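Here the structure comes first, spelled out in structure tokens, and everything after it is commentary.
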Amino acid sequence: SGKLAEAINASFGSLDEFKTQFKNAGATQFGSGWAWLVSDKAGKLTVEKTPNAVTPIVEGKTPILTMDVWEHAYYLDVQNRRPDYMNTFVEKLIDWDSVGKRFEAATA
């Protein structure tokens, strides 16, 4: 709910579509890297992916959520089943209150 929910709906159409795009970014990142939810100052949200140690910050963007898709992030729990890890991450591990606070700071 609140400003973040409004921005997700405005940027992606729905929370479910955001989740689909976010997991797709992680699934299609070849090798090590990250999936990101980033905000611009106007509150427009985009999903991005980066390899290795690259972050959206180097492009002047503000990350408000990231998912580590380096194998070390999930191998002990789910071995090489990255999609299982991503589903658990998106459905059970995201602290939406914290993401909302980062969104508000990014757009202040």
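The values are calculated or read from the model by the stated rules, or taken from the named source; none is laboratory data. None of the values given here were measured: they were computed from a predicted structure. Ligands, DNA and RNA are stripped out before the accessible areas are found, and what is left, the full protein with its side chains, is counted by its heavy atoms. Shrake-Rupley method; radii C 1.70, N 1.55, O 1.52, S 1.80 Å.
Quick notes on this structure:
- Accessible-area composition of the chain, carbon plus sulfur, in percent [1.4 Å probe]: 53
- Nearby aspartates and glutamates by direct alpha-carbon distance to residue 49 (threshold 14 angstrom, same-chain neighbours under 8 apart not counted): 59, 68
- Residue-normalised accessible area of the chain, given per residue in Å² at a 1.4 Å probe: 58
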